Every structure is written in C-alpha cells, then in structure tokens.
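A.B. asks: There's a structure below that I have some questions on.
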Amino acid sequence: MTGSAAIGPATRDASEENFPVASLLMARALRPKVMGFYRFVRTADDIADSAALPPADKLARLDQLERALDDAATTEPAARLLHAAGSGTAEARAMLAAFRQDATQRRYADWAALEAYCAASANPVGRMLLRLHGVDAPEAAAASDALSTALQILNHLQDLVPDRDALDRIYLPESWMALAGGEAAFFDPAKATARRAVLDAALDRVEERLDAAAGLPRMIGSMRLAMQARVTIALARRLLARLRAGDPVPGRIALGKADFARAFAASPFHGPSDAALVRARVAAAGSSFAKGMSALRGDRRRALWAVYAFCRAVDDIADGAMPEAEKRRFLDDWQAKLARPDCALSRELARARDRYALPVAECEAMIAGMQTDAAPRLRIGDAAALDLYCRRVAGSVGAMAVRIFGAPQAAGFGLALGRTLQLVNILRDIDEDAARDRVYIPRDLLAAHGVPDADAPAMMAQPGVAAAARELAAQAEAGFARAEAELRGFDTPALLPARIMMWGYRRIFDRLVARGFGLPRARPRLTPGEKARMAAFALRLAPVAAR
C-alpha cells in the first residue's frame, strides 16, 4: 500500500468527542503531545470503523500505521504528528491491537471480553496522560484504568444502534442480550422492559468503575490534570444518569453544551467525596429503611449508610439482568474489595468496619447470601436452609447495625431481628420472587401443604401456599414479640433507630396478615403519612441516638 493509510478526512474533531481531549485546562506545552496522539488514534479508529473497507484492507492500513510508529522519518501524516510531539508511540501501539480487533470482531461473549477490549482501546489514553504529568503511582493507574473503561462502555451503550446499523458491531455481550430474548428482541423498540433491565445491569457495572475512579483527582499532583479528571468524571456521571433515564435504542442519548459548561465551571472545586457518593446511593435507593438510619447523626450515620449501600450493591448484582457466571464473578470481586478497597463504597465500608469493629465475617456472610440469590432458579429446602439464608442476608446487617448504633452487647438481638425482618420481606415479595424463579418458603413446608416443586409462579398459585405462608407469619409474629421484649431489657437509647425500623416493618407485616396470603396478593406499602411519621420520629430521637 502506498500513500497515507487514512481513508479520508477525520470523521470528527477533538471538540466533538463525548469527553474532553486536550482542553484549555491542560498545560499549553502538553496540548500538542495530546493532540498528536489523538489524531493518530482518530485515524486508526476511522479505519477500523469504516463501513466501506473489508477487514483485510483495514488490517493492512493498521499495519501501515504501526510501521510508521517505528520510523521517525515516516511520511505518514498521522504518525509524523506523533513523532513531532515526541510522546505516545507506546500507547498508540497498544491501541492498534484494539483497532485490529474492531476490524474483525463483531460480537462479545461476556463482560470479561468487553473489559479486555477496553483495556486495549481506552486505558492507554489515561495511562499516557498520567505519564505526561509525571504520575506513576499504581493506585492512580488503577483509578485511571477504571475511568477509561467506564468512558468506553458509556460510548458503546450510547452508540448501540449506530454501531449495529453501520458496522454490524455490538459491544454489549451476547450473553447479556440473551436475557432480553436475544439480539433481535433486545433491539426491538416494543420490548423496552426486558431491554431496560439489561441496560440497568450494565450501567451498574459502569457506575462501579466510576466509583473506582472517584479518587483519581486526589492522586494527581498536577492541578490542571486533576481539574480535567474532575470534568471527565462529572460528564461521565451525567451521561450515566441520562442513559438510566432514557433508552438509547429509539434514539441516541447525548450530552449537550450545558452539561460541558456545568462540568467545567465546577472543575476548580473538589469533586464529591467518597461519603457524598455513598450518601447519594442511599438517597437514590429510596428505601423506608433509610428512615431508621436518619435517627443517627454524624459518623454513625455515615457508617450505617456505607453498610446499607454495600448491601444494596451486592443485592443489585444478585438481582441484576446478567448471566449467572457474571454475577458470581462480580460478587467475588466484592470479596476482594473487602481485603483491598478500591472504590468509593468499599473505602467507606472499610472505614466503618475500622471505626465500629464490624466483623469482616458479616460482610462475607452477606456476599455468601447473595451467591445463593445469584442462581437462576432458587428453592430453599427446609427450615435449616432458611435459617442459614436469613442469617447471611439479614442477620449480618443486624449484627453490624447494633455495633454502629453503639450497642455491641445487643448482637444477638440484631441477629434475631434481622431474621424477623427478612421473613417479612419473604412474605411481602412472594410473587416478585416467583417471577425470578425464586421460592423462599421452604420446600418441605410447601410439600406438607400439598404444593409440589414446579415452575415458581405456578407453585405460588397453589392454594396450599397460603397455609405455608401463615406458618412463616407466625414465626415473624413471635420474632416481633421477642424483639419488643428484648428492647425493654436493653436500657440504652442507642437502639432507638432499630425501633423505628421495626415500627415500619410491623406496619407492613400487619397489612400482610390482614390481607391474607391467598391470591390476589397486592403488595402492601407504607403510606406517605407513615413515612413522614418515621422521619419525624427519627428527627426527634436523633440527638439522643447520636450520643
């Protein structure tokens, strides 16, 4: 091949990218280096994304670009800029591997394959920026990789339809789309509900990567680069929120000039702290459980938020619309985070564990419970299996909560209350769980009432379910009575937040019992007035509970 490898003028300029390339925040001396790198990468990306070139021609042109990287006297325009800048050839070479992959690969099997692609197609960009600014700390490199991967996946999700239509290329893994009925069903505008569940699960993974990148600006000595990192993270979170609120299949979702203006205006200020990011997660969850947490103040509330957000994070993995193997891998990742915190949430959880002597075994128990929930089909065999499950997913929360409240002597109370509240959850969510092929009422108890193991919704439609559920309700009733008696025995205001949580759960339980457990089973909820009462009670108790 003779002449330039480029297929024509660049398809877009640096100013048209989703995220800042070489903005005015960057030192003047470094901008040419970054722009030289950008123009080389843009040339290679345009080759790989060409709808007119066959794969063999794409690979030949990319090979020509790589040879130009080795020749300082090359006449290749894109490489000459890179050589003139005197920086970036190593990172450009690494990214050529990703562009070769783009030339031939059209689908991805799983999330690990997508992450491996991002490691070549995006992470070298962040690494180069760190190197240009003399940042060589391993933790900064890890945070930069997390940010680069998050940005790349956001771009892929934003461009799902354009990539598929123009290039027959889809980055969202096939195994994920299968959960929405396969590729055709996933892209069917009429099947938004199934697509939404898969998109939300993918966006959860992006948010986890952004949380891992949250500390990057604080790790960078250069004020200018730190400001650009804050802008990039802020824009990524804005696009994440837009993709959560909208559907990229009917129409492309993008950021506007106002988003960029707000992000740049905020860049001189410190971005949200780890605590603020966790607080936002708790607020977004909208759980009535938060009313009990609001009875605490200061550091105790911060610690309880961390525990709650951790529980929600692993629960979202177990409940997410992703393949079972992916769920188990992400839960294993959380096991590693307990030993080596690497994101805003895991750092806040580690801080809470350290300050309030929270046993790591309780966090591990929660993860083990979520491993149970990760199965595509779940049946609880007997009372012992139910006890173990409740101990893991609810007892662990109770055991940690009482320590944060300031009443470690009430660990047994916390374990027992956790089991009672979990029984209420099980009785409340019978039909929701059945839709996921989960049955938490023990199989032997159901069998005793004439309900054989079968498809979960069909099982839950059997008349014997009501009698089995009433037996669990009797256990929950006894649990509430025991908790009330034990609360009177603990002469401490520290457990008042637990009383608020019990009050709310008791209202739901009473409605369950009054409604009955036969079909139809309308899901009881707290009324706005009851939520307001819990909030007012928490505000009244907060100064006492904070002591």
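The values are calculated or read from the model by the stated rules, or taken from the named source; none is laboratory data. Here the structure is a predicted model, which is why all the values come from computation and not from measurement. Don't worry about glycine lacking a Cβ; one is built from the backbone with ideal geometry, like all the others, and counts go over all protein chains shown.
Quick grid of which residues meet (1) touching a helix residue (DSSP H, G or I) at 6+ places or on another chain (Cβ under 6 Å); (2) modelled with pLDDT under 85:
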{"position": "Ala5", "(1), (2)": "yes, yes"}
{"position": "Ala22", "(1), (2)": "yes, yes"}
{"position": "Ala44", "(1), (2)": "yes, no"}
{"position": "Ser50", "(1), (2)": "no, no"}
{"position": "Leu53", "(1), (2)": "no, no"}
{"position": "Ala84", "(1), (2)": "no, yes"}
{"position": "Ser87", "(1), (2)": "yes, yes"}
{"position": "Ala103", "(1), (2)": "yes, no"}
{"position": "Ala112", "(1), (2)": "no, no"}
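A.B. asks: Turning to a different aspect of this structure: Exactly one condition in (1) at pLDDT below 95; (2) under 23 Å from the mean Cα position of the chain (by Cα); (3) not in a helix (DSSP H, G or I); (4) not basic (Lys, Arg) is false for Gly126; which is it?
C.D. replies: All conditions pass for Gly126, except number (3).
A.B. asks: Select from segment 392-413 the residues that are among the hydrophobic types (A, V, I, L, M, F, W, C), part of a helix (DSSP H, G or I) and over 19 Å from Val424 (Cα atoms) and list them in ascending order.
C.D. replies: If the condition is that a residue be among the hydrophobic types (A, V, I, L, M, F, W, C), part of a helix (DSSP H, G or I) and over 19 Å from Val424 (Cα atoms), then Met400, Val402, Ile404, Phe405, Ala410, Ala411 are the ones that fit.
A.B. asks: Is it the case that some residue within segment 474-489 is in contact with an Asp or Glu (Cβ under 6 Å, 6 or more places away or on another chain), among the acidic types (Asp, Glu), assigned by TED's automatic domain parsing to the domain that holds Leu386 and part of a helix (DSSP H, G or I)?
C.D. replies: Keep residues of segment 474-489 that are in contact with an Asp or Glu (Cβ under 6 Å, 6 or more places away or on another chain), which gives none.
The answer is no; no qualifying residue exists.
A.B. asks: Oh, and also: Give the number of residues within segment 493-523 that are buried (at least 16 other Cβ atoms within 10 Å of the Cβ) and assigned to a loop (DSSP other than H, G, I, E, B).
C.D. replies: Residues in segment 493-523 being buried (at least 16 other Cβ atoms within 10 Å of the Cβ) and assigned to a loop (DSSP other than H, G, I, E, B): 2 in total.
A.B. asks: Taking Ala112 as the residue in question, decide whether it is in contact (Cβ under 8 Å) with a residue 60 or more places away in the chain and part of a helix (DSSP H, G or I). First the steps, then the outcome.
C.D. replies: Numbers: in contact (Cβ under 8 Å) with a residue 60 or more places away in the chain: yes; part of a helix (DSSP H, G or I): yes.
When the stated conditions are applied, Ala112 passes them.
A.B. asks: Looking for something in contact with a strand residue (DSSP E or B) (Cβ under 7 Å, 6 or more places away or on another chain), assigned by TED's automatic domain parsing to the domain that holds Gly518 and assigned to a helix (DSSP H, G or I) - is there at least one such residue anywhere in segment 434-445?
C.D. replies: Yes, segment 434-445 contains a residue that is in contact with a strand residue (DSSP E or B) (Cβ under 7 Å, 6 or more places away or on another chain), assigned by TED's automatic domain parsing to the domain that holds Gly518 and assigned to a helix (DSSP H, G or I).
A.B. asks: On to the next question. Out of segment 278-303, which residues are modelled with pLDDT under 75 and over 23 Å from the mean Cα position of the chain (by Cα)? Even if it seems obvious, please write down each step before you answer.
C.D. replies: Going residue by residue through segment 278-303, those that are modelled with pLDDT under 75 are 286-295.
If the condition is that a residue be modelled with pLDDT under 75 and over 23 Å from the mean Cα position of the chain (by Cα), then Lys291, Gly292, Ser294, Ala295 are the ones that fit.
A.B. asks: Among the residues that make up segment 243-257, is at least one of them crowded, with 22+ Cβ neighbours inside 10 Å, modelled with pLDDT of 95 or more and in the same structural domain as Asp136 (by TED's automatic domain parsing)?
C.D. replies: No, segment 243-257 contains no residue that is crowded, with 22+ Cβ neighbours inside 10 Å, modelled with pLDDT of 95 or more and in the same structural domain as Asp136 (by TED's automatic domain parsing).
A.B. asks: Taking Ala197 as meeting all but one of (1) surrounded by fewer than 22 Cβ atoms within 10 Å (Cβ to Cβ); (2) among the hydrophobic types (A, V, I, L, M, F, W, C); (3) closer than 30 Å to Ala29 by Cβ, write down the number of the exception.
C.D. replies: (3)
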